[in-house]
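The numbers here are math on the coordinates, done by the rules we state, and not lab data. These figures come from a predicted structure and were not determined experimentally. Cβ placement follows ideal geometry from the backbone for every residue including glycine, while neighbour counts extend to all protein chains displayed.
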Amino acid sequence: MPQLPPTPPPPHGLLAERTVLVTAAAGTGIGFATAKRCAEEGARLCISDLHERRLEESADAIAEVAGRRPETLLCDVTDGEQIRRLIRGAIEALGHLDVLVNNAGLGGFSPVVEMSDEQWHRVLDVTLHSTFRMTREVLPHMIDRGRGAIVNNASVLGWRAQKGQSHYAAAKAGVMAFTRCAALEAAESNVRINAVAPSLAMHEFLSKVTPDGLLAELVGREAFGRAAEPFEIANVIVFLASDYASYMTGEVLSVSSQHP
């Protein structure tokens, strides 16, 4: 019998007065949940997305629960110049950046024999290349300050196989490998880089890009008999961004109850 999802835990000030930038934070998914949890944990926040109306609505929703409205900046994470403007704008708005959450990603379903070059490159550009570009842009700032934390959103599909997901799985496996390698380079400057690997977090957009019946099949693989709530992934991202994870870098934490 499926278990009911828990209620979100009360905040404990894990990110009190830390400055945090979260990409792809509009809507109802992991990015919004992460931004909301960061704000609840005391962070001063900047959120970014490609969709202006949804971004502003998300900022309003966060302000209602956290008492402070985040800064908002539009950004297409496939555009290097927009990424540079985003990082500069976030630093100007917040004074500095303590934490970057690379949440932007793009999925979809396509068998290899039906997948176009455009589909392949688009998923890798949004999911993997943006993580590289954002990290490359923010690292000099964090290195100069001698501190910082970056949390990347990967997926269990970076380890496991699923039909129709070769582009997404390849991109997420790349995020994992990039996380480990970049972490070694950043460690000497006291900058930590880690990743989360969720299995299945249920939100509105997911049902729009997943074939009928597949979601039920994926939920059936979860030991709890349900998908994760986005805030349950966000909780782990907040942990990795906080001082409670001070000795962790280059790690990929599975946030999953999935069994083979």
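State the three equivalent ellipsoid semi-axes of the range 75-150, derived from the C-alpha gyration tensor as the square roots of 5 times its eigenvalues, in descending order and whole Å.
Working through the eigenvalues yields semi-axes of 30, 11, 9 Å.
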Loop GluC sites (Glu not before Pro), the range 1-105 (other Cβ atoms within 10 Å of the site Cβ: 10 or fewer; DSSP)
17
In debye to the nearest 20, how big a dipole does the range 1-136 give about its Cα centre with +1 on each Lys and Arg Cβ and -1 on each Asp and Glu Cβ?
360 debye
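On a full-extension model of 0.36 nm per residue, what is the gain between residue 121 and residue 76, subtracting their alpha-carbon distance, rounded to one decimal in nm?
Contour length minus the Cα-Cα distance gives 14.7 nm.
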Helical mean residue ellipticity (222 nm; -39500 (n - 2.57) per DSSP H run of 4+; nearest 500) of the chain:
-13500 deg cm²/dmol
With +1 at each Lys and Arg Cβ and -1 at each Asp and Glu Cβ, the charge dipole magnitude of the range 19-245 around its Cα centre, to the nearest 20 debye, comes out at 420 debye
Projected onto the charge dipole of the chain (unit charges on the beta-carbon of Lys, Arg, Asp and Glu, signs +1, +1, -1, -1), the Cα from 28, 193, 43 with the largest positive-side position is that of 193
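Considering only the chain, what is the antiparallel percent among its DSSP beta bridges, to the nearest 5?
Within the chain, antiparallel bridges account for around 5 percent of the total.
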Under a point spin-label approximation (7 Å from Cα along Cα-to-Cβ), what is the residue 28-residue 60 distance to one decimal in nm?
1.7 nm
Most positive-pole-ward Cα, 124, 108, 55, against dipole of the range 19-245 from beta carbon charges
124
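Taking only C-alpha pairs under 8 Å that are 6+ residues apart, what is the relative contact order of the chain in percent? Could the numbers behind the result be given before it?
On the way: 518 pairs, mean separation 55.1, N = 260.
Result for the chain is 21 percent.
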Bins of 10 Å, starting at 0 and running to the largest distance - Cα pair percent for the range 14-127:
15, 44, 27, 11, 3, 0
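Work out, in µm²/s and without decimals, the Stokes-Einstein translational diffusion coefficient of the range 106-176 at 37 °C, 0.692 mPa s, Rh from Kirkwood over C-alpha pairs.
Details: Rh = 13.2 Å.
Value of D from the Cα-based Kirkwood radius: 249 µm²/s.
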Electrostatic dipole magnitude of the range 82-206 [Cβ: Lys, Arg +1; Asp, Glu -1; Cα centre; debye, to 20]:
200 debye
For Rg/Rh (Cα atoms, Kirkwood Rh), pick the label among (i) 1.21; (ii) 0.94; (iii) 0.96 that corresponds to the value derived from the coordinates.
(ii)
Simple spin-label model, 7 Å along Cα-to-Cβ: residue 12 to residue 170 in nm?
4.1 nm
What do you get for the angle between helix 130-145 and the principal long axis of the chain? Use alpha-carbon atoms, 0 to 90 degrees, nearest ten.
30 degrees
Global size of the range 1-80 as Cα Rg and Dmax, reported in angstrom:
13.3, 47
In nm, what is the difference between 0.36 nm times the number of residues separating residue 136 and residue 113 and their Cα-Cα distance?
4.9 nm
Which one, 230, 184, 66, is farthest towards the positive end of the dipole of the chain when Lys and Arg carry +1 and Asp and Glu -1 on their Cβ?
184
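I need the peptides 118-126, 6-14 ranked by packing, meaning the mean over residues of other C-beta atoms within 10 angstrom, with the highest value on top.
Working: 118-126: 16.0, 6-14: 12.2.
Highest mean packing first, the order is 118-126, 6-14.
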At what distance in nm do the modelled label points of residue 147 and residue 181 sit from each other, each positioned 7 Å from its Cα along Cα→Cβ?
3.0 nm
